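Colleague: Can you read through this structure? Questions will come right after.
The values are calculated or read from the model by the stated rules, or taken from the named source; none is laboratory data. Owing to the predicted nature of the structure, the values given are computational and were not obtained by experimental measurement. Neighbour counts are summed over all protein chains in view; Cβ atoms, including those assigned to glycine, are modelled from backbone coordinates with ideal geometry.
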């Protein structure tokens, strides 16, 4: 990738995290209306699914930054009762709704268009998922955002975050995702944390820290 391409990619990523919601929606709609994200249309068997199924207890899940509905339609149907997916792109949500109808899950999957960073739920959930979407949260907003969403977890509920913190070769860590992971580890009680191989994604499961419970050593 040459310097010009890297600059465009960086600027686009910056706007997706720090830009106003109407601009972010425009950018994501353009990408999901094209073929850029077609490669994620089938992620059956993904590393995150066993973790979700373990903590859902046949309950409810809020998927923030749900994209074209992979989790809603690939997660074992008998592992959850209700699903709410939030995404800023109506183009992505159109694909998610179409896929849910094809899989017969339109009665248990619900999709809402919103900037998930500012989204205000109307119910509480057993699991709140950030599947790759945490990349698009400004670093300085992560703690406050998670603190706010904590009040929408049911008793015993957990956050589940899937993200990659290592380069594809596995020989170096990525600075920003690693720093994001540190925010979660330092600010919450980690239930489990697993990496898929030497360079694969990491899934971290955590819940709000009880008052008086000090941060665990990492």
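Colleague: Residues that are modelled with pLDDT under 95, closer than 24 Å to residue 70 by Cβ, out of contact with any strand residue (DSSP E or B) (no Cβ under 7 Å at 6 or more places or on another chain) and not in a strand (DSSP E or B): does the range 177-195 have at least one?
Modeller: no
Colleague: If I go through the range 63-97 residue by residue, how many of them are without any contact (Cβ under 8 Å) to a residue 24 or more places away in the chain and more than 21 Å from residue 133 (Cα to Cα)?
Modeller: Residues meeting the conditions: 1.
Colleague: Then there is this: Out of (1) modelled with pLDDT of 90 or more; (2) surrounded by fewer than 22 Cβ atoms within 10 Å (Cβ to Cβ), what's the single condition that is false for residue 42?
Modeller: (1)
Colleague: Scan 147, 155, 87 and give me the residue that is buried (at least 17 other Cβ atoms within 10 Å of the Cβ) and at pLDDT 95 or above.
Modeller: 87
Colleague: Just give me the residues in the range 129-156 being more than 12 Å from the chain's Cα centre (by Cα), touching a residue at least 60 places away in the same chain (Cβ under 8 Å) and part of a strand (DSSP E or B), in sequence order.
Modeller: Answer for the range 129-156, where residues must be more than 12 Å from the chain's Cα centre (by Cα), touching a residue at least 60 places away in the same chain (Cβ under 8 Å) and part of a strand (DSSP E or B): just 154.
Colleague: Same structure again: For residue 54, are the conditions met, namely being in a helix (DSSP H, G or I) and either in contact with a strand residue (DSSP E or B) (Cβ under 8 Å, 6 or more places away or on another chain) or at pLDDT 95 or above (or both)?
Modeller: yes
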